[in-house]
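Shown next, in C-alpha cells, is the structure this report addresses.
The values are calculated or read from the model by the stated rules, or taken from the named source; none is laboratory data. Since the model is a prediction, treat every value here as computed from it, not as a measurement. Here the Cβ positions follow ideal geometry from the backbone for every residue, glycine too, while neighbour counts run over all protein chains shown. Note: areas computed on protein heavy atoms with side chains; ligands, DNA, RNA excluded. Shrake-Rupley method; radii C 1.70, N 1.55, O 1.52, S 1.80 Å.
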Amino acid sequence: MMSLFDKFQSLSDARHALIQAEPSPIGTRIDEVLSPTEGRVDGRSVILAGTNNYLGLTFDPDCIAAAHDALDQEGTGTTGSRMANGSYVSHTRLEEELARFFARPSAVVFSTGYMANLGLIGTLAGADDVIVLDADCHASIYDACRLTGADIIRFRHNDAGDLEKRLRRLGERTANALIVVEGIYSMLGDQAPLREIVAVKRRHGGYLLVDEAHSLGVLGAHGRGLAEAEGVEADVDFVVGTFSKSLGAIGGFAVSHHPQLDMIRYASRPYIFTASPSPATIASVRVALDIVASRPALRRQLWANAERLYHGLARLGFELGPEPGPVVATLLGSPQQGVAFWHGLLERGVYVNLVLPPATPGGRALMRISVSAAHDTAQIDRIIAAFAALKPMLDHHGHE
Amino acid sequence: MPQHEQILERLMAHLERLAPPDSNLHPDIDLVSELGLDSVKVMDLMLDAEDEFDISVPLNILADIRTPNQLAQAINKLLESQ
C-alpha cells in the first residue's frame, strides 16, 4: 500500500536531480536583508532583484514607525477572526481608506492576497455559475475557482477575441459569468488588454474581476492599477489586490462598486476562519497606501528603472517578456540551464527568482527580475552587466 | 453530430502536438502518469477541444478524466446535451 508521502516522491526526485547543493534557487535562504535592494545570500552581498518590493517601501521610515507604534499599543497579534475579536479600529479604518483610494463604496481586508482571491471568488460564484478566466491567471485564482463548484472555462492568455468566443458559447449563462483577469501577469510582466476585455464584457454581460496584485501602486495616475491607467474602472466590478508587493507588507483586499460586497463577510470562509492581520501590519499598510497616493515620483522612478533594465537586456539579445514593467522576465531554455544561470548571477552579486515549468508559460525556465523604485541606476547597470557576462552560456547551449 | 470515434480521432491529432516526441499514443494512455503531460498541457488540450467541437468543456470535469478515451466520452456527452 502506498504511503501518504509516496505521491511527492517524483517531485522530490526532480528537485534533487536539478539541485544538489545550497544555495538553492528554490526556497533560497536570505541570510540578511540590509535594505529594500540589498542583502546577503550564501556569504555574498547581493542586489535583491527578486522581491516584488516595487516601491521599495519595506524600509520606509514612516511605515516602520507606524508599525512600531501599533506593536507597542495593540500588541503582536489580534489572535482572532474578523468575525470575532479580530476587527480593530485600524482594520476598519484601512477598509475605509481603501474604499476611498479606489473611489468605491466597499472594501474588505483579508489576511493574505491568496486568501483575498479565495475569499472573494470562492464565495461569489456558486455551483450553478460559470467563471471564465485568463489561462495564465495566478494559482490563487485557480484554487479559488475549485472552491466554488462552478463551471470553469479558460480563455487563451490576453486574447479578448478568444474570451468573446467562449462567452458566446455560454449563451444566456454569460449574464452571471464572472470574468477574471490580472492587471499585470506575474510571470512575464505583461498587461491585460483591458479595454478590449471590457468591450467584450459590454457586449455579452457578466461581471469583471481584475486582480491588480502586480499593478497596484505601479499603474495609473493615482496608482490604482491597470483599470485606472486604461480608463475603465467603471466597468470593473471587483478589484482584488495584495499588501505584499508595492505596499511592502502582507495581506490582501477586495473592493467593488457593488455595495453588496460587504455581504460576503458572512459567507466567506477564508475571511471568517482565520486570524486577521496583525495591528503592526495594518498600520504600515495604511501609511504605505498614503504614500502610493501622495508620492507619484516613486512610480516614475520604478518605470525609469524598469525601462532601463528591459531595454538594456533587450540590447544584449535576451528573449524577454512582451513589454517593460515591474516584472522583467528573461526566457531561458531547460531547467538545468536556468539553475546554472541563477548560480552565475548569484556569484556576480545578483539575486533574482528562477521559475520553472509548469509555473511558467510555454514550458520554459525563466529568470524573473522584479524591479524596485529603490534600485539606483548603478544597481540596474550591475544587473545588466551580470546578465551580459552570462550570455555566452545561452549562446553555447541554445534552447534545449 | 460526430460520433465517439470521430471525436477521439480529432483529440489524438491535437494530443500529438502536445505530447513529447516518440510517445506511444493510444486512446487509453493516462495523460499524466504515462504520457507525462503536466496540468497546464492537459488544460491546453481542453482549449483545443473546445475550439475543435465549438463547445465549452469546464475544467471541473478534468478530475474524472485520465485518458483521451474518457475525454472523448465527456465531449460526446456535452455535445449530446446541447
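Would you call A:Leu313 touching an Asp or Glu at 6+ places or on another chain (Cβ under 7 Å), farther than 21 Å from A:Ala192 by Cα, modelled with pLDDT of 95 or more and not acidic (Asp, Glu)?
No.
Tell me yes or no: at least one residue of the stretch A:147-167 is within 18 Å of the chain's Cα centre (by Cα) and surrounded by 23 or more Cβ atoms within 10 Å (Cβ to Cβ).
No, there is no match, as no residue in the stretch A:147-167 is within 18 Å of the chain's Cα centre (by Cα) and surrounded by 23 or more Cβ atoms within 10 Å (Cβ to Cβ).
Just to confirm my filter: which strands (runs of 3 or more DSSP E) fall fully inside the stretch A:1-63 and include at least 2 residues that are charged (D, E, K, R)?
Correct list: A:38-41.
What number of residues within the stretch A:182-236 are of a type in the set (Val, Ile, Thr) and in a loop (DSSP other than H, G, I, E, B)?
Of the residues in that region, 3 qualify.
For every residue, the table says whether it meets (1) touching a strand residue (DSSP E or B) at 6+ places or on another chain (Cβ under 8 Å); (2) closer than 19 Å to A:Cys145 by Cβ; (3) away from every other protein chain (no Cβ under 13 Å).
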| position | (1), (2), (3) |
| --- | --- |
| B:Leu15 | no, no, yes |
| B:His26 | no, no, yes |
| B:Leu37 | no, no, no |
| B:Ala63 | no, yes, no |
| B:Gln73 | no, no, yes |
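Can you say whether B:Pro68 is within 10 Å of chain A (Cβ to nearest Cβ) and buried (at least 17 other Cβ atoms within 10 Å of the Cβ), as far as the supplied structure shows?
Answer is no for this residue.
For A:Asp128, indicate whether it is crowded, with 21+ Cβ neighbours inside 10 Å, within 14 Å of another protein chain (Cβ to nearest Cβ) and not β-branched (Val, Ile, Thr). Break it down into steps so the answer makes sense when it comes.
Working: crowded, with 21+ Cβ neighbours inside 10 Å: no; within 14 Å of another protein chain (Cβ to nearest Cβ): yes; not β-branched (Val, Ile, Thr): yes.
In short, no.
If A:Arg173 satisfies every condition in (1) within 14 Å of another protein chain (Cβ to nearest Cβ); (2) open to solvent by less than 20 Å² (accessible area, probe 1.4 Å); (3) part of a helix (DSSP H, G or I) but one, which is the exception?
Among (1) within 14 Å of another protein chain (Cβ to nearest Cβ); (2) open to solvent by less than 20 Å² (accessible area, probe 1.4 Å); (3) part of a helix (DSSP H, G or I), the lone unmet condition for A:Arg173 is (2).
Considering only the stretch A:319-385, give the strands (runs of 3 or more DSSP E) lying wholly within it that have at least 1 residues that are under 24 Å from A:Ser246 (Cα atoms) and of a type in the set (D, E, K, R).
Result: A:366-370.
With respect to A:Val109, determine if the residue is touching an Asp or Glu at 6+ places or on another chain (Cβ under 9 Å) and either in contact (Cβ under 8 Å) with a residue 60 or more places away in the chain or open to solvent by 10 Å² or more (accessible area, probe 1.4 Å) (or both). Outline the logic, then answer.
Values: touching an Asp or Glu at 6+ places or on another chain (Cβ under 9 Å): yes; either in contact (Cβ under 8 Å) with a residue 60 or more places away in the chain or open to solvent by 10 Å² or more (accessible area, probe 1.4 Å) (or both): yes.
Yes.
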